[in-house]
Amino acid sequence: MEELPSITVSQREQFLVENDVFGMYSYFDTSDISTQKFMVEIQRDKQLDYLMNGLRQLSPSFSSLDANRPWVCYWIIHSIALLGESLDDELENNTIDFLGRCQGSDGGYGGGPGQLPHLATSYAAVNTLVTLGGDKAFSSINREQMACFLRRMKDTNGGFRMHNMGEIDVRACYTAISIASILNILDDELTRGLGDYILSCQTYEGGIGGEPGSEAHGGYTYCGLATMILISEVDRLNLDSLTNWVVYRQGVEMGFQGRTNKLVDGCYTFWQAAPCVLLQRFFSAQDLVPHGSSHMSQGTDEDHEGHAHDDDPEDSDEDDSDNDSDEDSGNGHQVHTSTYYINRKIQPVFNSLGLQRYVLLCSKDANGGFRDKLRKPRDFYHTCYCLSGLSVAQHAWSKDEDTPPLTRDILGGYANHLEPVHLLHNVVMDRYNEAIEFFHRAA
Ligand SMILES: CC(C)=CCC/C(C)=C/CC/C(C)=C/COP(=O)(O)OP(=O)(O)O
Ligand SMILES: [Zn+2]
């Protein structure tokens, strides 16, 4: 008897994931409209319950995150901000006090009180305080000492170390530059040789690896690209091959994978979609079409209309109307339409509605929170990056953060609308603006 060709472990895993995802999609496609509406709903109340409970009390199983407590604060508080909500005064004060105790006397933040200052937890602490907003949160950051800490982490090869004697990688470069940029302490000493270091991490595939010679990965690609934009050296990267690499990480499941031949995972909704939007906005600002990408998966404007709800009144707004008009989407949100939107419209280089479909149908947990994929448990990291990525996907049709999306850009409509994020720092736009104003005054 002829032997069946054997498949590899990776092929089997991929097959099982596709089976789950397509099973979910076909259940959705054959459901009635009210079931479909329910299935794509973000379910704000459940999300907020899950997040608020996590901020107040964590189970003993979280002890493994003891060196990452500012991260837990950031994942939860940023997720709450994306949903358009804030903390009450008591929780906010407790968070500021707690992060103050994580701050080292020589600058930077550790993973908990008394722990070694580390760039990743410093980034998480600063982003949390920026998200909380207000003078008390902002002035709790010792900017002068932070600048000293960043200088101590700088290596002669142009890159940064994660901590004293720690590893040098693209994450360290990004977290250092993101902090310095937001706190308005970025200078030539910090940027010297950095572009060369990041450039040496772009691989033959087009994406960026963690360090020279490492495999291209979505997390590091986001870090490397955002860093190069923040230090105004982005055009030194091979942007065509980078675009090509990143758009092809969106697979048949419509979610993104982190690297070639690996499985789809909800967290890459942010790590991969943010680079896509950064690149498309960069090209559009220069009126350039990315040459490297033949994978303009969302197709033409007509295809976009094809995705839209047929009864969406905004469909007709693509006409050459000269009159700007504001419509209420039914949720109290004003939706700018017609000329205003058309002039600020952009063609996403990835399938934005497909990505939203993956997150809402496969990554969303029925009890609140988000996860990597079906059958996996929810967690705060995936909740943060699924929501961040969902926001990026919702705003992917806009040339800038100030242009609100149309109802049809958002799967589930404006009831699912999330606050826009600053793509280079991943904090909600309004909170970023308030912080930048404060730290420019403080200089
Ligand atoms: C700001 C900051 C600190 C950014 C971190 C960026 C980030 C997510 C880096 C990813 C690290 C990595 C190699 C994951 C691979 O995990 P895996 O092998 O379990 O996953 P995979 O199969 O999806 O590659
Ligand atoms: Zn993940």
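The values are calculated or read from the model by the stated rules, or taken from the named source; none is laboratory data. Everything quoted here is computed from the prediction, not taken from an experiment. Don't worry about glycine lacking a Cβ; one is built from the backbone with ideal geometry, like all the others, and counts go over all protein chains shown. What goes into the accessible areas is simple: the full protein's heavy atoms, side chains included, and nothing from ligands, DNA or RNA. Shrake-Rupley method; radii C 1.70, N 1.55, O 1.52, S 1.80 Å.
Taken as a whole, the structure places Arg143 among residues that are more than 14 Å from ligand 1 (Cβ to nearest atom) and touching a Leu at 6+ places or on another chain (Cβ under 6 Å). Just to be sure, is Thr407 surrounded by fewer than 20 Cβ atoms within 10 Å (Cβ to Cβ), touching a helix residue (DSSP H, G or I) at 6+ places or on another chain (Cβ under 7 Å) and over 18 Å from Ser79 (Cβ atoms)? Here the answer is no, as Thr407 does not meet what is asked. State yes or no: is His425 open to solvent by less than 30 Å² (accessible area, probe 1.4 Å) and in a loop (DSSP other than H, G, I, E, B)? Yes, satisfied.
The residue that is surrounded by the most Cβ atoms within 10 Å (Cβ to Cβ), counting only those in region 194-220 that are away from ligand 1 (no atom under 15 Å from the Cβ) and of a type in the set (Phe, Trp, Tyr), is Tyr197.
Would you be able to tell me the number of residues in region 366-404 that are more than 16 Å from ligand 1 (Cβ to nearest atom), open to solvent by 20 Å² or more (accessible area, probe 1.4 Å) and of a type in the set (Phe, Trp, Tyr)? Number of matching residues: 0. Residues that are over 18 Å from Val427 (Cβ atoms) and either out of contact with any strand residue (DSSP E or B) (no Cβ under 7 Å at 6 or more places or on another chain) or away from ligand 2 (no atom under 11 Å from the Cβ) (or both) within region 372-395 comprise Asp372, Leu374, Arg375, Lys376, Pro377, Arg378, Asp379, listed in sequence order. So in region 62-91, with the set limited to residues that are of a type in the set (A, V, I, L, M, F, W, C) and free of Cβ contacts under 8 Å to residues at least 12 places away in the same chain, which one is nearest to Ala124 (Cα to Cα)? Among residues in region 62-91 that are of a type in the set (A, V, I, L, M, F, W, C) and free of Cβ contacts under 8 Å to residues at least 12 places away in the same chain, the one nearest to Ala124 (Cα to Cα) is Leu65. Taken over region 242-271, the criterion of being among the polar types (S, T, N, Q) and either open to solvent by 30 Å² or more (accessible area, probe 1.4 Å) or within 11 Å of ligand 2 (Cβ to nearest atom) (or both) is satisfied by Asn244, Gln257, Thr260, Asn261, Thr269. When restricted to residues that are closer than 15 Å to Ala147 by Cα and of a type in the set (Ser, Thr, Tyr), region 122-136 contains 2. Of the helices (runs of 4 or more DSSP H) lying entirely inside region 151-204, those containing at least 1 residues that are more than 27 Å from Tyr432 (Cβ to Cβ) are 194-199. Of the residues examined, Ser232 is not one that is surrounded by fewer than 23 Cβ atoms within 10 Å (Cβ to Cβ), part of a helix (DSSP H, G or I) and more than 16 Å from ligand 2 (Cβ to nearest atom). Cβ separations smaller than 8 Å between residues 6+ apart or across chains give the following pairs from region 241-259 residues that are within 13 Å of ligand 1 (Cβ to nearest atom) to residues that are open to solvent by 30 Å² or more (accessible area, probe 1.4 Å) and of a type in the set (Ser, Thr, Tyr): Arg249/Thr260; Arg249/Tyr268; Gly255/Tyr268; Phe256/Tyr268; Gln257/Tyr268; Gly258/Tyr268. Candidates in region 357-404 are the residues that are part of a strand (DSSP E or B) and farther than 24 Å from Ala120 by Cα; of these, the one that is modelled with the lowest pLDDT is Ser398.
With respect to Asp188, determine if the residue is open to solvent by 40 Å² or more (accessible area, probe 1.4 Å), over 25 Å from Ala67 (Cα atoms) and touching a residue at least 24 places away in the same chain (Cβ under 8 Å). Taking the combined requirement at face value, the residue does not satisfy it.
Only residues in region 202-222 that are within 13 Å of Asp169 (Cβ to Cβ) count as the first member; pair them with residues that are hydroxyl-bearing (Ser, Thr, Tyr) and within 15 Å of ligand 2 (Cβ to nearest atom), Cβ under 6 angstrom, at least 6 apart or cross-chain, and list the lot. Listed by first residue and then by second, the contacts come to Ile208/Tyr220; Ile208/Thr221; Gly209/Tyr220; Gly210/Tyr220.
Asp430 - would you say it is more than 16 Å from ligand 2 (Cβ to nearest atom) and at pLDDT below 95? No: the conditions fail for Asp430.
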